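Down below is the structure, laid out as structure tokens.
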Amino acid sequence: MRRRGLPPGSGPYTQTWAARLLTFSAGAVNAWGFLSLGGVFTSVVTANSALIGVGLVGGDRALGGLAAVAVVCYVLGAAGAAWTAGRARPGGRSRPADFMLLELLLLWAAVGWWLAVDGDPSGGGRTVMLGTVAAAMGCQNAGVRVSMGAHAPTAYLTGLLTGAVSDAVTARRIRWSVLVTMALLILGAAAATLVERLLPAAAPLLPALLVTAAWLVVPARTRARQEA
């Protein structure tokens, strides 16, 4: 029997697998961005904001400038994905997976550019590439928030970990999902670091392939759920 009123990609099983793939990719993107694109993060706005402050007083102006590029592009990506994920198909159905298309466009553009320059972009090209990947991470975080809810963050841990520790102390409840998210971020970063060391020219392929897999999982799992 077909279940009506279920928006594409909204099933919990679908969301779990998509979120896990996106979390792993977020760790990979941040590690690759830090190692290969100037020593700043692509989605850790708190750390990048601190680096901007360091640059403002002359501590490291180049690093502060790169951090500013990452933050601005992250905001632009988040705005674009929030608008995309919040749109509705005819009939009022939401489009929860559509934001991934925008993220994929940005990630695969970075992959193509990276391969075209044999993994060694110029200074200006590296900055543009950093902005492109930061925008992709803004897409991911905002898109996940709009389409999956704030309960499924895939690229930031501060608030999530704080809440988990508070629950463990006050309610004696362990939130295992937070530990899984942390592990996936760490493993994604480790995997990207390994690829960057062994096959530097292929380093950006890992996060792009993971997000592609997440995008493919959503409609496939949803169809199975709707037809159940």
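The values are calculated or read from the model by the stated rules, or taken from the named source; none is laboratory data. The structure displayed is predicted, hence computed values, not measured ones. Glycine also receives a Cβ, built like all others from the backbone with ideal geometry; neighbour counts cover every protein chain displayed. What goes into the accessible areas is simple: the full protein's heavy atoms, side chains included, and nothing from ligands, DNA or RNA. Shrake-Rupley method; radii C 1.70, N 1.55, O 1.52, S 1.80 Å.
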Contact list, first residue from segment 174-188 and assigned to a helix (DSSP H, G or I), second anywhere and among the hydrophobic types (A, V, I, L, M, F, W, C) and open to solvent by 60 Å² or more (accessible area, probe 1.4 Å), beta-carbon distance below 8 Å, six or more apart or interchain, is VAL178/LEU161; MET182/LEU161
How many residues of segment 195-228 are farther than 20 Å from GLU103 by Cα, among the polar types (S, T, N, Q) and at pLDDT 85 or above? The answer is 0
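Given the structure, is ARG126 at pLDDT below 75 and surrounded by 14 or more Cβ atoms within 10 Å (Cβ to Cβ)?
Values: at pLDDT below 75: no; surrounded by 14 or more Cβ atoms within 10 Å (Cβ to Cβ): yes.
No, not satisfied.
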Residue in segment 155-169 that is buried (at least 17 other Cβ atoms within 10 Å of the Cβ), modelled with pLDDT under 80 and of a type outside the set (A, V, I, L, M, F, W, C) present
yes
In segment 172-222, anything open to solvent by 60 Å² or more (accessible area, probe 1.4 Å) and farther than 26 Å from LEU115 by Cβ is listed as ARG172, ARG173, ILE174, ARG175, TRP176, SER177, LEU179, VAL180, ILE186, ARG221
